[in-house]
1. Only one of (1) at pLDDT below 80; (2) within 13 Å of Gly185 (Cα to Cα); (3) surrounded by fewer than 18 Cβ atoms within 10 Å (Cβ to Cβ) fails for Thr92. Which number is that?
2. Residue pairs, Cβ under 8 Å, 6 or more apart or interchain, first in the stretch 328-346 and at pLDDT below 70, second of a type outside the set (S, T, N, Q). List them.
3. Restricting attention to the stretch 451-472, which residues are among the hydrophobic types (A, V, I, L, M, F, W, C) and over 34 Å from the mean Cα position of the chain (by Cα)?
4. Answer yes or no as to whether Ala484 is touching an Asp or Glu at 6+ places or on another chain (Cβ under 7 Å), at pLDDT 85 or above and assigned to a helix (DSSP H, G or I).
5. Of all residues being in contact (Cβ under 8 Å) with a residue 24 or more places away in the chain and out of contact with any Asp or Glu (no Cβ under 9 Å at 6 or more places or on another chain) in the stretch 186-203, which is farthest from Thr127 (Cα to Cα)? Just the residue, please.
6. Looking for whichever is on the phi > 0 side of the Ramachandran plot and surrounded by 14 or more Cβ atoms within 10 Å (Cβ to Cβ) here; the options are Gly189, Gly218. Which one fits?
7. Let me spell it out: the conditions are (1) crowded, with 21+ Cβ neighbours inside 10 Å; (2) among the aliphatic types (A, V, I, L, M); (3) modelled with pLDDT under 75, and Ala428 meets all of them except one. Which number is the exception?
8. Condition (residue is modelled with pLDDT of 85 or more and buried (at least 18 other Cβ atoms within 10 Å of the Cβ)) applied to the stretch 598-617: is it met by at least one residue?
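The values are calculated or read from the model by the stated rules, or taken from the named source; none is laboratory data. This structure is a prediction, so every number in the text was calculated from the model and none was measured. Virtual Cβ from ideal backbone geometry, glycine too; neighbours counted across all protein chains shown.
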Amino acid sequence: MLRLLRTNRPLQRIGALGGILLAGLCGGTVIILDRLHDETVAEAKLALRSLNVSLAEQTTRAIEGIDLAITSVVDQLYADNLRALDALGRQTAGRATHEILKAKVSGLPQLEALSLIAADGALVSSTRQFPAPPLDLSQREYALALKDTDPGRPYISRPVKSLVTQEWSLYIARRVNDPSGGFAGLVVGSIRLSYFERFYQSLHVTPGSGFSLWWRDGMLLARYPAVPEKVGTIATSPGVIERLARSEDGTYETPRSIDGKDRILSFQAIRGYPLVVGVSRTRGEILARWHDQAVTIAAAGLVSAVALALMLAAMARQFLAYETANRALQERRQAVEARDEAESHVRQLQKMEALGQLTGGVAHDFNNLLQAVRSSLHLLDGAMAGEGPGGRAGEGARRALAVARQAVERGATLTQHLLAFSRRQRLAPEPVELGAQVAGMAALLERTLGDAIRIRIERAPGLPAALVDPHQFDLALLNLAINARDAMPDGGTLTIAVTGWSVGTEAAADTGDAGLARGDYIAVTVRDTGTGMPEAVAARAFEPFFTTKPVGQGSGLGLSMVHGLTAQSGGGVRLDSRPGRGTAVTMYLPRAPAQAQVEVRARTAAPPPPEDTAATTVSAGRTAGRSIRVLLVEDDALVRMVNAAVLAEAGMAVAEAATGEEALALLDGTSPAGAGIDILVTDFAMPGMTGAELARLAHARRPGLPVLIVTGYAEKAVLHELGTEPGIRILSKPIPAPALIGHITAAL
């Protein structure tokens, strides 16, 4: 009996220890699952808030863009002294005003229509129809609200359902005052709310997401996925109106959303406007990954419980099973960490790609604006030159023109950096011996960095040539050197190392985030001994406009330009930085093909034409005793109007077209304006038919017709193929007026 008790005592201890361990295992599993659940929900809320802030900013910019267009029309009315009722109705009802309003609308996809309304409510001019129909709008909400008072800011009406289109719209209006401050009329812009649904639909979002736009009182204006039966009704989720009364933003969980689903919703009020943006996601989609983790962890807990029961039977197997479970848990943790790191890298790549697409679009529109400004400055310069030295313009106006031209050039450089980041830059890659290229930059770098910084160049012997645009490489190297100088205010050493690099071998395992494909590369490393960057700053270093420098001392495009150049060239870039230990940026550029020989860059481009004078302008506009007939195709009304004026001033006859279809109709001879066309000058990015398609169709109709494609947004493969076709030249926006005229005469 005593021996039995002695035998049972260890078993009891083991049983008690096993019970404690089993209870701890179950409790730990519950705690882990609960913590994972809370972290998953918290991450989802944070992501919804971040996305909501972005959408709120986008909505604000869309409305502010419309207000800017409306304000510019009001300012033009003031400038033309059209503030009296009779003047507003008599002088703004013509075709010119209609075209100006259409030009304002053309650059704003969110702006459906723009209208001028007299003080008596009569519709004076509208982009929807010319001439404007006789409508009395005096009883509209915005007319009644602004008739007796001028709030000094845009007025947004409540949503109204159109009797014609059966679609919901918002109206943004500004009051026009007469000289005495009385009511002279209104300038009104219309937003079709379906624009926001289309915008939300275009977003690449995770499953289960929903986007909505409300009036401040809870009326639903737009939503994706669409719920058309609830638009125009008080259709917010329960509790939103109460929360909006207490706060401008918030995030909360609602079991009964608009579509009846259990969602987590984040809302954000638009500052200055009675609108609210909402972003939501179903709880099921948010917790899908957590459910998978819960199943895995529960299964692991069950396996551990069985192992614990087996350990109670044999102490040796108990310790062995314990060690096995502990090892498996550690391996699983490492796998989870590796997966999280991979997901973070993918999200960063997606963010940079989205930023690149957005930046490329902005650069394209900015190039169009710069083209219009540059051509307008050319016309003004010509007009002032005609006045002679004693003209009324004076030296002050000429200096102002010179400053404006310098600003246009700086804007053109800025767009080139934007296009470089978005990989839409026109490159001229050729075999370049980077060691010699870096050595040739040494003198310029010494002058730029100053005497306090020592430059050291390290070149591996016998390196092959790299395939890169040499001019853009010089700019990238100069940008990196300037960044290094700013990081070493007290001086230091800048080291530029040129080495070979191969991906696909063990030596290439240290490429980090460069994301290189298998192959051979030339690596150019720029390393400084400066202050270095914290990890959070280094993670955002390649984002456009991100800078740690004081306001006015950096655009934040230097590293973005380097990132875009290397990616578009077929390589990559890597950044290594630690606070107090300096920064190293490595550009990986692809090795040139074996058959390519390093040679001096061929200068095949036509030399730039001289500054236009009266003699060159007259001679440039004539050929074979008659005026050159130019078919100008441009979808941007402002750019087309100014370029047509420049060519007409040069003595050329200009036929204008806003689309490729209109241009083909002119070439087919269906209109007298298309007779005797000598040359086609077209934009590349146009709705419907691109400039490339138009050039090929024009050559099919008129073989040998010279074509100039002027683009501010490079499609690398298409433009490279076009540049090899006979009779086609590729020009970049913004192009100076003399250069455009010179290219036309050279092509003929």
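1. (3)
2. Taking only residues 6 or more apart or on different chains, the pairs are His345/Asp513.
3. If we filter the stretch 451-472 for residues that are among the hydrophobic types (A, V, I, L, M, F, W, C), which is where we start, we get 452-453, 455, 457, 460, 463, 465-468.
Within the stretch 451-472, Ala452, Ile453, Ile455, Ile457, Ala460, Leu463 meet the criteria.
4. Considered against the rule, which asks whether it is touching an Asp or Glu at 6+ places or on another chain (Cβ under 7 Å), at pLDDT 85 or above and assigned to a helix (DSSP H, G or I), Ala484 comes out as yes.
5. Our first condition is that a residue be in contact (Cβ under 8 Å) with a residue 24 or more places away in the chain; within the stretch 186-203, this holds for 186-197, 199-200.
Narrowing the set further to residues that are out of contact with any Asp or Glu (no Cβ under 9 Å at 6 or more places or on another chain) leaves 186-188, 196-197, 199-200.
Details: Leu186: 15, Val187: 12, Val188: 11, Phe196: 21, Glu197: 23, Phe199: 23, Tyr200: 26 Å.
Within the stretch 186-203, the match that is farthest from Thr127 (Cα to Cα) is Tyr200.
6. Working: Gly189 fails: on the phi > 0 side of the Ramachandran plot.
So the residue among Gly189, Gly218 that is on the phi > 0 side of the Ramachandran plot and surrounded by 14 or more Cβ atoms within 10 Å (Cβ to Cβ) is Gly218.
7. (1)
8. Filtering the stretch 598-617 down to residues modelled with pLDDT of 85 or more leaves none.
No; the residues of the stretch 598-617 include none that is modelled with pLDDT of 85 or more and buried (at least 18 other Cβ atoms within 10 Å of the Cβ).
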